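To start, the structure under review is shown below, and the notes come after it.
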Amino acid sequence: MLIWISALAAALIVLVAAVLVRTSYQYTLDRQTVIMDRLPSSFDGTTLLLITDIHRRSLSDEVIDGLIAAGGADLVLIGGDLRERRVPLARSRRNIKQLARIAPVYMVYGNHDYDEDMRPLEVMLTEERVRLLVNEAVVLEQRDGSRIRLAGVDDPRLERDRLDLALSDPAADAGSEPLFTIVLAHDPILLDRMNAQQKQEVDLVLSGHTHGGQIALPYIGPVLRGTEDSGYWRGWFDFSAQQTTGASRGPRLFVSCGYGTSRLPIRLLVPAQYHLITLRSAAVPQALSQSLQDQ
């Protein structure tokens, strides 16, 4: 009897493990719309493809073709961890080529991008015309002259982030009013390091790293919590209400559950996801109308 019970338990464990592995390969296209007060009206409707934590995974033609069929995006943003240790450079290159089919690609480094020699990765990204943002910013401009700023910081987990440098780019400071600013940062812990002035300058922060915990339980949430984790596990966080200066301005943070996995290739109640984020300007009436419909 004991042998049969042990065999049944082992079979059940194998079955559960198989389900968790299969779940980790079921990718979800997550659509988000965010209304921003300072976004110029000419940028209303701008779409961002955010994908983070690809790790060992390969982007299939099915995923990319589906994104293109869904309307594509104006920019592709890679939020770090394009690779990890022992991932062939050819696989990372193919993933970049796949994403470049959609739109120009911008990227920041994550902690696992540093697992191996950086030079081959940097050369490949240059060859594939990826705009790498290492504590720097670029200015995006419309035909009417309106502009926004896209800044990126090096990996916060490895304490390589210098948001002060990214926000001090002279090209982004022209004009009397600070530009609407998006910050791409691998780890949302960046929010805990931002000072009051930076929180006034930044409108939107896009991050990953957490994988949403990869394994979550009902009423408990992520179970693989580290002592250094920020607590911003997944989804939206609004910091405007946390300002102590009397001003209402503050960044909004979005944390992706990520595309791949780390350590074990399993997920539970945490989807493998990539995102189409549509930016809407509060200055455009239909943006507010759409917000009411979404609610």
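The values are calculated or read from the model by the stated rules, or taken from the named source; none is laboratory data. All values derive from a computational prediction rather than experimental measurement. For neighbour counting, all protein chains shown are included, and Cβ atoms are generated from backbone atoms with ideal geometry for every residue, glycine included. Remember, those area values only see protein heavy atoms, side chains included, never the ligands or the DNA or RNA. Shrake-Rupley method; radii C 1.70, N 1.55, O 1.52, S 1.80 Å.
Some points to look at:
- Extreme residue, surrounded by the fewest Cβ atoms within 10 Å (Cβ to Cβ), among residues of the range 194-225 that are part of a helix (DSSP H, G or I) and within 18 Å of the chain's Cα centre (by Cα): Gly213
- Selection of the range 178-207 for residues being more than 20 Å from Ile148 (Cα to Cα) and without any contact (Cβ under 8 Å) to a residue 24 or more places away in the chain yields only Asn195.
- Among the numbered conditions (1) under 22 Å from Glu84 (Cβ atoms); (2) at pLDDT 80 or above, the only one that Leu224 does not meet is (2).
- Residue match in the range 173-191 (condition: over 15 Å from the mean Cα position of the chain (by Cα), in a loop (DSSP other than H, G, I, E, B), modelled with pLDDT of 95 or more and among the aliphatic types (A, V, I, L, M)): no
- Scanning the range 144-159 for residues that are more than 18 Å from the chain's Cα centre (by Cα) and surrounded by 24 or more Cβ atoms within 10 Å (Cβ to Cβ) turns up just one, Ile148.
- One residue stands out in the range 94-116 among those that are under 23 Å from Arg31 (Cβ atoms) and among the hydrophobic types (A, V, I, L, M, F, W, C): the one that is most open to solvent (accessible area, probe 1.4 Å), namely Ala100.
- Complete set of residues in the range 234-262 that are in a loop (DSSP other than H, G, I, E, B) and either at pLDDT 95 or above or open to solvent by less than 50 Å² (accessible area, probe 1.4 Å) (or both): Phe239, Gln243, Ala247, Gly250, Pro251, Ser256, Cys257, Gly258, Tyr259, Gly260, Thr261, Ser262
- Just one of the listed residues (Arg119, Arg91, Arg129, Arg83) is touching a helix residue (DSSP H, G or I) at 6+ places or on another chain (Cβ under 6 Å), open to solvent by 10 Å² or more (accessible area, probe 1.4 Å), of a type in the set (Lys, Arg) and at pLDDT 95 or above, and it is Arg83.
- Among residues of the range 270-289, those that are of a type outside the set (Gly, Ala, Ser), surrounded by 15 or more Cβ atoms within 10 Å (Cβ to Cβ) and either farther than 22 Å from Ile35 by Cβ or modelled with pLDDT under 95 (or both), counted: 3
- Criterion violated by Gly231 - all others in (1) in a loop (DSSP other than H, G, I, E, B); (2) in contact with a helix residue (DSSP H, G or I) (Cβ under 8 Å, 6 or more places away or on another chain); (3) at pLDDT 70 or above; (4) farther than 14 Å from Arg31 by Cα satisfied: (2)
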